[in-house]
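The values are calculated or read from the model by the stated rules, or taken from the named source; none is laboratory data. These numbers come from a predicted model, not from an experiment. Positions of Cβ are generated from backbone atoms using ideal geometry, with glycine treated the same way; all protein chains shown enter the neighbour counts. Heads up: the accessible areas ignore ligands, DNA and RNA and are worked out on the full protein's heavy atoms, side chains in. Shrake-Rupley method; radii C 1.70, N 1.55, O 1.52, S 1.80 Å.
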Amino acid sequence: MNKIHINMERKITMLSQRRWKIGFSVILWLSVFLFWGRFYPSHLSYQEQLQLFLFDTDYLIEHLIIPGGLAEYISEFLVQFYYHRWIGAAILATLFVVLQLLVWLLAQKHKAADVYYLLSFLPIISMWYFMTDENAMLAFAVSILFALGTMYLHVSLNSQWRRVLSVVLFAPLLYWFAGAAHFLFIGWAIICEAKLLYQNNKKLAIGGSIAALILMGLACPLISGLWLQYPIFRLMGGINFYRFPSYIPLTVFIVEALFLFFPFLISSLSPPKKNVHFAIILQSLILIMSGYVLLSSGADMNKEEAMEYDWLVRNKEWQKIIEKAEAKSPTSPFGVTCLNLALGKTGQLGDRMFQFYQNGTEGLLPHFQRDFVSPLPTSEVFYYLGMINTAQRFTFEAMEAIPNYNKSGRCFKRLAETNLINGQYEVAAKYIRILRKTVFYKDWAEEAMTYLYNEKKISNHKEWGWLRKLRYADDFLFSDREIDMMLGLLYQHNYQNRMAFEYMLAYVLQERDLERFMKYYPLGKYAGYDHIPRSYQEALVYVWTQTHRNFDGMPWSISPDVAHEVTDFARIYMSQQNSQPILHTQYGDTFWYYLLFKKK
Amino acid sequence: MRVFNITIFFCALVIIQACTPSPKNVRLTNDLLVIYPEYKDVTIPFNVAPLNFLIRNEGVDAVSVEVKGVSTCLQINAKGNKAVFSQKDWTSFIAKERGHKLVIKVIARINGEWLQYRSFTWQVVADRLDAYVSFRLIEPGYEVWNKLQLRERCIENFDERVLADNSQTNGQCMNCHIHGKGNSSMFHIRGSKGGTLLNRHGKLRKLMLKTSQMNSAAVYGDFHPDGRYAVFSTNTIIPALHAQGNHRLEVYDTVSDLVIADFDRNKMITSPLLADSLTLETFPTFSADGKWVFYCSAPLVDLPSNINELRYSLCRVAFEAEQQKWGSRVDTLWNARLMQGSVCHPKASPDGRYLLFTVSRYGTFPIWHRETDLQLLDLLTGKIDKLERVNSNRSETYHSWSSNSRWFAFASKRGDGQYGRVYFAYVDEMGQVHKPFVLPQKDPEMDDLNLKSYNIPDLSAMPMPFDSHDVKRVYDEVVAEKFK
């Protein structure tokens, strides 16, 4: 009876020990999930839009023929689910917890005390920190997972010969499937074997074993470099761990080192004789502190904000963009471009643009930059304006500029649309056929397929039919130095294109070119306004007051508020030596303030 | 054990047989057979890789294709809509059928019914097509490039290798690879460590083909038949973008002249006649005997506003190699003003009989002009063939001759209007040009999925004696030789 009681107590103790460990892993899962799902979700959308996972044999083969290709293939398979951001957060949380459990299992193989369970979270926090970088690829985490799994397999083998055999077999395989993360496994084998040989007093063999293992590790990338078109530093450091091929961040190596050494470090710590709770609390504090420091320094919330705007534009959430800007006005050209587009799409650009921060024409239609990010919102603006060729160009160039040569689901979709609108059906079909091989674009592609060669159906499509009507009728060479004229030609082609008119006026107002504003303004009579938009009133009244003492005879119906405010503005401007702070408070949301105080 | 093995063998046979559909109760149909590539009634060389194709009729789930020659027959039955021949069977079959007309019978299963379509033919000719074609693989973009590769494909099979890869040369832009007689070849790599990589006598050199008198480094060029010289244009190139419809990119020159580079003495041979600031000269090429330089010439107009008026004539000027001297008189062979078109890319056939060139409405960037067509000038008779059997309603450009002058390769956007593919056309003894065929692919669906354009296909009888590793070494380690 007594024996049974003792066994029961032991089981309960074990169960409770397991429970607190499970509890902490669950907390880790929830923290990661909430971080990515709640605070950093746009980074997930960003990752998703810079790849195009295809269910296609050639796509698989393309990956399998390079070192680390399988890990990349799996990671791209997972990243496609980031299309729904909460699923992406769950995937990352699960992956991180599996990594943590593997670190712990490895530490346990070296007889780590349970009390140090929380230390197995530290390498995960370093990985978490790395993944906050928008250019960090999930393939790195998957490769580490492969490496940890192989390390666990290795340490589970009892016989020395089996372990030797496993290194000979697994190191090249691991290199091929997981890329340069095989160095983690080699490092692990070196430490394990050296430790064993030292314990067995075979000190002479240690040097030989280490040398052989290092050679083994180096041989894999060096041999593959004989026929692969990659610089040797990439074969050594990982082809697909970072988006920019010419650079591997130091963090990659630090994270790898932490995953390698922590299982040994944890197992080398002696269990505390008393104050077990204190040890756990101390570890928790270390975790919280390191997590806070690393994540707050790693997470770039400015970029997250810009990506959020871009995501909202992609999903045509115009009202949400405006609400977001009302809470905090964006200041980067990227965010401002998205906001102005939302204002344009909802017919508020003329009324409200100066209520928000404006950074000149770069916040309306930014100049083309040879990168893979900034042309995307600009291409959206051109698209909705009806400048289909220019939208196509910006989209195409953005995709072509993706540093790791990936394709983009978002860009493919847009290119299919621009080609459908332009009647380039063979090219559209090419993009659509490829999108049919995806999970999240398949339905759209199937539907788009029915529009091919069907002029009537395209004309009846709410968006494509409308954009077809807006396109230029005549061909000419597009000039990005005369954007206002390009917009004018577009508007003159179809007076229903009020957005083109508003962008044209916004462009000249933000250029502070009142002469052109006055030239273009009369064209607004065709746009069907029921009132003169606020910023135009402000510009008109400003022009009027430059040559007139009062408002008598003014040919435009300016609201009494605007007339009153311009008088007050002028009074403060003239009477106060340092009027800017006062005017900023009272009239910071007017064209007058933009005109006189905003830096060019 | 033996009984077991035999049982397994027969079971496998039965399974294979069951998996390979064979036509039953075949019904003849007048429906149009839609195949990609469009290989119906084409002329092919005896040394070409298998002409695999897709059957694009809706609902095809099994195919049976019979290629019947004079002496033998090739048969495939397969699930799906792909007709893919075995390389080994094809090579031995087609070698026996030189000079014969093959009849291709296609039977396809649609909704469980086997339909036999109207047969078509392949004319196999005994004139060899040069076995290698090099090209640049690039996204048909506007101004941005990312991954660029020069590749070499064996036309007799599906072997392909990389000649140069810009991921090994700091991501720099690299121009297309062209070759001359005797397996010499060259291409430009841009950037501070770049230059013109010249492959001559099996040795790679890096040259800086720019002198203080030249308005730019060498751009478009061609070898003299003896390989010692090459003629180049030097161009100030401006890209511009079209606003409407299916028009895309326009590229024009504001300045362009001609020079000849002497690779033995590292010297540029110039002529004031071909450096006129009021005239644009470009796309030079040597005649087969090396005594003439054919090129395109246009009077400078106000650009970009009058881009539609920029039209290039086809001209020639003499070159005396022994005296290293340009001629002093320019002959106009094709007058742009009279013909209301613009000539680009003249290329003389190695036997000296023909000059192949492109004609578009205006400008100097025919690749994005869908009206661009190839034309063939018989230098013996002066007659121009408009090549109606070769051209399509999309651009046909960047051609090169096979060393026996019986074939030429060219890039055409006829597939979808955007992605260029390599086509080959046969010129028979009578000077008749036959219907071209596209470069065969191992998987005929590849052209659908491949998002790269094939730029400037260049034929050669032999493989190039270098690869991307050699290019990387020269790029990294060799200092470009200067020219005077």
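Some values worked out for this structure:
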| read-out | value |
| --- | --- |
| Coarse-grained scattering of segment A:18-297 at q = 0.08, 0.11, 0.14 Å⁻¹, given as base-10 log I(q)/I(0) from a Debye sum over alpha-carbon atoms | -0.35, -0.66, -1.04 |
| Listed peptides A:266-276, B:203-213 by packing density, highest first (mean Cβ within 10 Å) | B:203-213, A:266-276 |
| Partner chain coverage, peptide A:180-188 - average Cβ within 10 angstrom | 0 |
| Under Karplus coefficients 6.51, -1.76 and 1.60, residue-wise ³J(HN,Hα) of segment A:511-519 in Hz, glycine/proline x | 7, 6, 9, 6, 5, 5, 4, 5, 6 |
| Set of lysines with alpha-carbon distance to A:Lys519 below 23 Å, sequence-local pairs under 8 removed | A:Lys600 |
| Protection proxy ranking, peptides B:214-220, B:84-90, B:406-412, average beta carbon neighbours within 10 Å, highest first | B:406-412, B:214-220, B:84-90 |
| CD proxy at 222 nm, helix term only [per DSSP H run n ≥ 4: -39500 (n - 2.57); per residue of chain B; nearest 500] | -2500 deg cm²/dmol |
| Burial ranking of peptide ranges B:381-388, A:237-244 (average Cβ count within 10 Å, highest at the top) | A:237-244, B:381-388 |
| Residues A:His110 and B:Arg118, FRET efficiency given R0 of 56 Å [Cβ-Cβ distance, rounded to 0.05] | 0.15 |
| Pairwise centroid distance, computed over Cα atoms, of segment B:161-206 with segment A:501-537, Å | 54 Å |
| Residue mean of other protein chain beta carbons inside 10 Å, B:232-243 | 3 |
| Simple spin-label estimate for A:Glu447 and B:Ile238 in nanometres, 7 Å along Cα-Cβ | 4.4 nm |
| Cβ-Cβ FRET estimate between B:Lys24 and A:Val168, R0 fixed at 45 Å, reported to 0.05 | 0.25 |
| Greater than 32 Å apart at Cα, pairs in A:Lys456/B:Lys413; B:Lys210/B:Lys442; B:Lys40/B:Lys88; B:Lys267/B:Lys472 | B:Lys210/B:Lys442 |
| Inter-part distance where segment B:41-63 and segment B:448-484 are each reduced to a Cα centre, Å | 31 Å |
| Partner aspartates and glutamates for B:Lys325 [C-alpha distance under 15 Å; skip if fewer than 8 residues away on the same chain] | B:Asp262 |
| Portion, in percent, of the accessible area of segment A:89-176 that falls on carbon or sulfur, probe 1.4 Å | 69 percent |
| Segment A:303-483 - Rg and Dmax from Cα coordinates, angstrom | 16.4, 45 |
| Relative contact order for segment B:21-125, counting Cα pairs under 8 Å that sit 6 or more residues apart, in percent | 37 percent |
| Alpha-carbon centroid distance for the pair segment B:341-393 / segment A:112-156, whole angstrom | 62 Å |
| Shielding by other protein chains, A:396-403, mean Cβ within 10 Å | 5 |
| Rg ratio (alpha-carbon, reference 2.2 N^0.38 Å) - segment B:21-125 | 1.02 |
| Karplus (6.51, -1.76, 1.60) ³J(HN,Hα), θ = phi - 60°, over segment A:317-330, in Hz, Gly and Pro reported as x | 8, 5, 5, 5, 4, 5, 4, 5, 5, 5, 6, 7, 5, x |
| Length-normalised contact order for segment A:18-297 - Cα pairs under 8 Å, 6+ apart - percent | 25 percent |
| Relative contact order [Cα under 8 Å, 6+ residues apart], chain B, whole percent | 14 percent |
| With 10 Å bins from 0: P(r) over the protein assembly as shown, alpha-carbon pairs, percent | 2, 9, 15, 18, 18, 17, 12, 7, 3, 1, 0, 0 |
| Cα-centre dipole for segment A:303-483 with unit charges at Cβ (Lys and Arg positive, Asp and Glu negative), debye to 20 | 580 debye |
